[in-house]
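Undergrad: The structure that follows is given in the form of structure tokens.
What follows draws every value from the coordinates through simple rules; no lab data is involved. Being a predicted model, the structure only gives us computed values, none of them experimental. Because the Cβ atoms are built from the backbone with ideal geometry, glycine has one as well, and the counts that use them run over all protein chains shown.
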Amino acid sequence: MYQALLHKIHMLGATLVIVKLNEPLLHIKNPSDYELKVIREKRYYSEYLNLNRKNDLIQYYNDYYDNFDDIQNIYRTTVFDFRPIKKYGVYVLPNATSKYCNVVNNHRVTTDNPENYEHTIYFFGCCCAFGLCAEDKFTVESILQRRVNDVYKDKFLVVNSSSRTHFDDTCREILSPKCTFNKNDIIIIITTNTDFDEKKMSEALTEFKETNSFYYRDLSNIFQRPHDMGEIFFDTGHMSHKGYMILAKHIFNIVSTITSDREKNKKSAIPHDLIPYMNYLTMLNKRREKYQGKGKKHIGSLVMNCNPFTIGHKYLVEEALKHCDFLYVFILDEDKSFFNFDDRITMVKLGLIDMINVIVVPSGKTIISTATLPEYFSKDQIQDIKVDVSHDLDLFCQIIAPELHISKRFAGDEPFCKITRQYNEGMKKTLPMYGIEFIEFPRLTVDGQKVSASKVRKCIETNDLKLLKKIVPSTTYDFLKERHYIQ
């Protein structure tokens, strides 16, 4: 099961972090008198539900609450109202609402979530992941969310998916088909020594040890004194909000390490000969931000050959703009078409000149080029072969899309070319793994016939100007006439 867990997360391009908390109170080398008393008496959490522990409870929360009724409410709702229930083989939390602890759609509420974000940090696991003994705003997740908001603005959404379950139950939950992640999401499982088989996990990791998809941290000893948090433990394992502050600080350091490692890998993954093109894209993104501002926008992309630019291409652009705030239109810049690149991109720019939220971009060597998908330029002769589109799409998802903050990619359906159809099918499968939405539009029809660039070229060949005027914009028609493609 552990190997299946690692394989799923690796294939989705996410990162798994296992955090072990093994009775942290027992790992404090310089315990206070009170902590020694807790250890000596072998206290369990259930004791603190007893009203005789009133003074102990108030001691932990006296900085935030005025009376014991509020404190007792936190404890009682946390323990009794939000116990996990087993459903279809996995544990879930029932929806519930209270003053201090709320669960919606199997997620404990995390406060301070941003409206806009690029990636998600999911928490699973034991009581500490759930935030037992703390109200919503003082769980590890809420504290971490405030920290990443300060340091990584609009980059991470933190989600509390803990069902307060043992490690194996958490694995089953993550392995269920309903549980999925996007590229570069972070999955954090907080577990204890009693429910985590470290040897089995070590054996499962052997297959993936060369990847950066997995991090393991034992944080059992992070509560060493001296620290200025005062008393933080109720028993040997459960802690107050002050303990969650310490834990969140260390988990933030892990997130920072992952973010730094990703940036290093991203830079090293860019081939040297693509650096000038990436610098060009960086300039384009700065131009867009100057026009739109730096707030989170829905950025879309279209990749087209436009051999030549038809009303079908313009229709795709118009439809795409209904689903995004800004659109990059990439034009294939290989000179292997009927019209050369300069003519093709000029026709596109003329046809879209009135659309201020569109930038027309050369595709470079990373998008459907002879280096990434050479079969595309011989597709008329090789319709029946199977092509590998993964390299082309991985470059787009790993290099181009992150640089331009692209979250959507659009395409028209392909009823004629089998090679292009395979490319569309590849996008359907690959793009969502990187958190990029793929939307395919039906092809525009005129007089019951689907519009295509090949039909335009046929009209030029036969001098069918009547049909030509119907299926190209006036800007394209004027260009063709000016350049003597038609008489």
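Undergrad: Where does region 349-404 land on the Kirkwood hydrodynamic radius, alpha-carbon pairs, in angstrom? Don't skip to the end; give the middle numbers.
TA: Numbers: mean 1/r = 0.0752 Å⁻¹.
So the Kirkwood estimate lands at 13.3 Å.
Undergrad: For region 422-487, what does the equivalent ellipsoid look like in terms of its semi-axes, each the square root of 5 times an eigenvalue of the Cα gyration tensor, given largest first in whole Å? Let's see the in-between values first.
TA: Working: eigenvalues 220, 35, 22 Å².
One finds semi-axes of 33, 13, 10 Å for region 422-487.
Undergrad: For region 333-487, which semi-axes, largest first and in whole Å, follow from the square roots of 5 times the eigenvalues of its Cα gyration tensor? All intermediate terms of the calculation are to be shown ahead of the outcome.
TA: On the way: eigenvalues 159, 70, 50 Å².
Equivalent ellipsoid semi-axes, largest first: 28, 19, 16 Å.
Undergrad: Next up: Could you compute the FRET efficiency for LEU26 and ASN182, with r as their C-beta to C-beta distance and R0 at 45 Å, rounded to 0.05?
TA: Computed FRET efficiency for LEU26 and ASN182 comes out at 0.75.
Undergrad: In addition: Pull up all non-local amide H partners of VAL158: gap of 5 or more, or a different chain, and H-to-H distance under 5 Å with H placed in the peptide plane.
TA: It is ILE121, by chain and number.
Undergrad: Once you charge only the Cβ atoms, +1 for Lys and Arg and -1 for Asp and Glu, what is the size of the charge dipole of region 354-487 about its Cα centre, to the nearest 20 debye?
TA: Values: 19 positive and 18 negative charges, 79 e Å.
That gives region 354-487 a dipole magnitude of about 380 debye.
Undergrad: Quickly work out the ARG40-to-ASP413 label distance, labels modelled 7 Å from Cα along the C-beta direction, and quote it in nm with one decimal.
TA: Here the modelled spin labels are 7.7 nm apart.
Undergrad: Further question: Which order do ASP394, ASP261 fall in if you start with the one that has the fewest other Cβ atoms within 10 Å? Kindly include the intermediate steps, with their values, before the conclusion.
TA: Values: ASP394 17, ASP261 13.
Fewest-to-most Cβ neighbours within 10 Å comes out as ASP261, ASP394.
Undergrad: Something else about it: With a cut-off of 8 Å between alpha carbons and a minimum separation of six or more residues, what is the relative contact order of region 371-447 in percent? Each step should come with its number before you reach the end.
TA: Values: 78 pairs, mean separation 27.0, N = 77.
The normalised contact order for region 371-447 reaches 35 percent.
Undergrad: What's the exposure ranking of THR370, THR15, THR111, THR445, going from fewest to most Cβ atoms within 10 Å?
TA: Values: THR370 13, THR15 27, THR111 16, THR445 10.
Going from least to most buried by this count: THR445, THR370, THR111, THR15.
Undergrad: Among GLU141, GLU440, which comes first, then next, by fewest other beta-carbon atoms within 10 Å?
TA: Values: GLU141 31, GLU440 15.
Fewest-to-most ranking of GLU141, GLU440: GLU440, GLU141.
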